[in-house]
2 protein chains.
Amino acid sequence: MVRPTMEDVAERAGVSRALVSLVMNNSPKVSEVRRAAVLRAAEELGYQPHVMARSLASRTSTVLGVMVNDLRNAFFADVVEGLDAAAQAAGFDLILNTGGRSPTREWNALHNLLSFRPAGIILLSPVVPAASIQVAAKQCPVVLVSRTIRSSTVDTVNDDGEAGSGLAVDHLVGLGHRRIAHLDGGGAAGAAQRRRGFQAAMRRHGLEPIVVRSEHTDTGGEKSVRELLATYSRADLPTGLVAGNDFNAVGAISALEEAGLRVPEDVSVVGYDNTSLAALRHLSLTTVDQPRTEMGRLAFEALAERIRGERTEPVRHLLHPSLVVRATTAETTGGTPR
Amino acid sequence: MVRPTMEDVAERAGVSRALVSLVMNNSPKVSEVRRAAVLRAAEELGYQPHVMARSLASRTSTVLGVMVNDLRNAFFADVVEGLDAAAQAAGFDLILNTGGRSPTREWNALHNLLSFRPAGIILLSPVVPAASIQVAAKQCPVVLVSRTIRSSTVDTVNDDGEAGSGLAVDHLVGLGHRRIAHLDGGGAAGAAQRRRGFQAAMRRHGLEPIVVRSEHTDTGGEKSVRELLATYSRADLPTGLVAGNDFNAVGAISALEEAGLRVPEDVSVVGYDNTSLAALRHLSLTTVDQPRTEMGRLAFEALAERIRGERTEPVRHLLHPSLVVRATTAETTGGTPR
DNA sequence: TCTATTGATTAGAGCGCTCCAATCTTGTAG
DNA sequence: CTACAAGATTGGAGCGCTCTAATCAATAGA
């Protein structure tokens, strides 16, 4: 398990260690003869530069720290994929840990990342206080995904949740719907923006926004729809539903069908997130898509700019979502379901 | 962005650098007075040990390399979660990259991990040839998840796919089903074992195994069911379906319902993987669950044992899946749907 | 023929830390 | 009061690499 060092390669190739270093960093000022000799010696010994030693000596880092709150959440997994692709292409490596939605664990995780002296750090939807993020930002560039902050040294990448629910409302109104309800995600990440966007869009169309408290889960969706059914007469029931997310939408659909209402004939439902769920032909859910992989790429890009010293003012990326129209929305029959 | 070093702390505390080192590694042979002084100085300066320098000097590593093929696959995301939890608890850090299901990209990723001189490496369902894995295994302990290999230096963690489809068959047979078909995942990871398990279980029950070529996607499931419907008369149609995975099962259900068959009254369907999908009340899919987080933990454990030098013989973990019975399976009406 | 000049190569210090061996303090037994 | 052991502290070499400045070789200009 003991691996050859630069010294070994130098000896075998009959050159100095410094020359090997130059070759490994493919410096132009090495004669072809020597370069070939070094490369061959390295090949024969199975030599591979020691990233940590290199990092220490050069006082630079090729490591990017990534803190994810919950990898199980497909949203973050997608962002990390985008991040990794961009980072790998640029020669950076990701060191990743999870914070488990607990500020304490998250702070430990952040500390851990910092002890690697990374070139930069990316926090996905962190729950630590802003002050902690500022501390980190003093050590290296920091980019936040799915979280905002008032800081001139931290960049952020967010999806425009307000615009997203706006798209959903526009779509429904375009199909003739007038009574539209939003199933609100409560305290979940991004829920507040989605609600605001819904309300603003409704008012823009001169309609009265109906907001029902819900949760970003399928059972939450079911419960809220049952509430709606209990509150409104069939004739007054909203004909369009803008769910907090896809899971919520699926629950809502279940409850509607259970009550004998057909989707989309009687009620149209729009989800949010475009999870793999929504794409299933079985559900074929109309939903709002956020460019997740792109968000990862942009987060890396923002970091890279800071690392290269190209930019010092903060950048706030607000990505535009798009609507994926599938089979759960249709023209309203005129307002009277049944 | 320039951070204090051990030297700075030593100076401020009025002690030698070596003493600071001892304190940082909380050695017992430091007087309380000095320890307190050092700790205070470190606190005041915001000192934090440099992991890479430490690693270089001590010739040990606290880094674990993780190669994931596809983070989007919830299965791997779960395994990584389990891995991270165990690693974090033991003071290890994860450096992660993705291989994108391409042997070349994967080999590069692996190379990259190795250049960190990690304490160990975990490969999640790698597609590189066994020889490449052997190369890596010469440099540090390697654990494979969802992949087998004939090697005495590499440990593996797999779910027992044969047992899993066995559970599904037993369940259906227990409900009175006799004509049961398997929707085979083809070349997908683990598909072969699931098929073998299905066939073995059927024979054990004295039944003729029906295997339909399919894919691990919902459209694959739809297509295969349509094929079944075209091949068999309604009276001879299998009453039980063991799908290759959950997505496949959902597609199968769609096609069945489209053809006017009810699930589970006419046909029972069992999925595989227990994805978040299956748990949705809307679907409520009976499925086979693999202890994914546990697999991550075990992978770490296997690595840790090798790292600590406690074990040199290979270990082959074969985790037992369990059946999660939900609403897509029921007693058969006697063999004649409709 | 001798000195610039350019390009190729190398010695050596140092990155921030660990760890061994050596040194310095005490406390205690003789 | 001395000798010595045990405990606390420190100097310094070295981990594998980079990078600057110095050295060396070869060619060109005068």
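What follows draws every value from the coordinates through simple rules; no lab data is involved. Since this is a predicted model, take the numbers as computed values, not measurements. With ideal geometry, Cβ positions are generated from the backbone for all residues, glycine too; neighbour counts draw on all protein chains shown.
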Practice item. Please name which of B:181, B:96, B:62 has its Cα lying farthest along the dipole of chain B towards the positive end, using unit charges on Cβ (Lys, Arg +1; Asp, Glu -1) and the Cα centre as origin. Key: B:62
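Between residue A:44 and residue A:31, 0.36 nm times their residue separation minus their Cα-Cα distance comes to what? Display every interim value, and only then the final one.
On the way: separation 13, 0.36 × 13 = 4.68 nm, distance 2.01 nm.
Taking 0.36 nm per residue and subtracting the Cα distance, the gain is 2.7 nm.
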Review point. Amide H neighbours of residue B:94 under 5 Å, counting only residues 5+ apart in sequence or on other chains, H built in-plane at 1.01 Å?
Key: A:96, B:64
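Could you sort A:188-200, A:318-330 so that the peptide with the highest average Cβ count within 10 Å comes first and the rest follow in order?
Details: A:188-200: 20.0, A:318-330: 17.2.
Highest mean packing first, the order is A:188-200, A:318-330.
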Check your understanding: Can you list residues whose amide H is under 5 Å from residue B:211's amide H, if they're 5+ apart or on another chain and H is modeled 1.01 Å from N?
Key -> B:182
Exercise for review: Would you tell me the mean number of C-beta atoms belonging to other protein chains that fall within 10 Å of each C-beta in B:113-126, as a whole number?
Suggested key: 2
Practice item. Would you mind listing the distances between the residue A:4 label point and the same position in each other copy? Use 7 Å along Cα-to-C-beta, nm, one decimal, shortest first. Key: 4.3
Check your understanding: What order do you get for B:279-290, B:10-21 when each peptide is scored by the mean count of other beta carbon atoms within 10 Å, highest first?
Key -> B:279-290, B:10-21
Point to revise | Shielding score for A:271-283, defined as the mean number of other chain Cβ atoms within 10 Å | key: 5
Exercise for review: Run through the other copies and list how far each one's label point is from that of residue B:309, in nm with one decimal, shortest first; the point sits 7 Å from Cα along Cα-Cβ.
Suggested key: 4.5
Review point. Label 7 Å along Cα→Cβ of residue B:236; the stretch B:180-215 residues with amide nitrogen under 17 Å?
Key: B:180-182, B:208-212
Review point. Can you give the Kirkwood hydrodynamic radius for the protein assembly as shown, in Å, rounded to one decimal and based on Cα pairs?
Key: 27.8
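Using a ≥ b ≥ c from the Cα gyration tensor of the stretch A:156-201 (square roots of the eigenvalues), is it rounded, prolate or oblate, where a/c under 1.5 gives rounded and otherwise the larger of a/b and b/c decides, a/b for prolate?
Values: a/c = 3.20, a/b = 1.67, b/c = 1.91.
The shape class here is oblate.
So if we plug the beta-carbon distance of residue B:101 and residue A:219 into 1/(1 + (r/R0)^6) with R0 = 35 Å, what FRET efficiency do we get, rounded to 0.05?
Details: r = 35 Å, r/R0 = 0.99.
About 0.50, to the nearest 0.05.
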Review point. Which whole number gives the average count of other chain Cβ atoms within 10 Å of the Cβ atoms across peptide B:64-77?
Key: 4
Exercise for review: Can you tell me which of A:158-166, A:100-108 comes out highest on packing, and rank the rest after it, using the mean Cβ neighbours within 10 Å?
Suggested key: A:158-166, A:100-108
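Please work out the Kirkwood hydrodynamic radius for the stretch B:191-315, using every pair of different C-alpha atoms, and report it in angstroms with one decimal place.
Details: mean 1/r = 0.0611 Å⁻¹.
When all Cα pairs of the stretch B:191-315 are included, the Kirkwood radius is 16.4 Å.
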Revision key, fill the gap. Calc'd 3J(HN,Hα), the stretch A:195-209, phi into Karplus 6.51 cos²θ - 1.76 cosθ + 1.60 (θ = phi - 60°), Hz, glycine/Pro = x, comes to 5, 4, x, 4, 4, 4, 5, 4, 5, 4, 8, x, 10, 8, x
Revision key, fill the gap. By the C-alpha gyration tensor axes a ≥ b ≥ c (rounded if a/c is under 1.5, else prolate when a/b exceeds b/c, else oblate), the shape of the stretch A:177-254 is oblate
Check your understanding: Per Stokes-Einstein, at 20 °C and 1.002 mPa s, what whole-number D in µm² s⁻¹ belongs to chain A, with the Kirkwood radius over Cα pairs as the hydrodynamic radius?
Key -> 94
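Between residue B:153 and residue B:11, take the C-beta separation as r, use R0 = 56 Å, and let me know the FRET efficiency to the nearest 0.05.
Numbers: r = 47 Å, r/R0 = 0.83.
E between residue B:153 and residue B:11, to the nearest 0.05, is 0.75.
Say R0 is 22 Å: what FRET efficiency, to the nearest 0.05, do residue B:170 and residue B:265 get from their beta-carbon distance?
Values: r = 21 Å, r/R0 = 0.96.
Calculated value: 0.55.
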Exercise for review: Could you pull the copy-to-copy label distances for residue B:231, with points set 7 Å along Cα to Cβ, in nm to one decimal and sorted shortest first?
Suggested key: 5.1
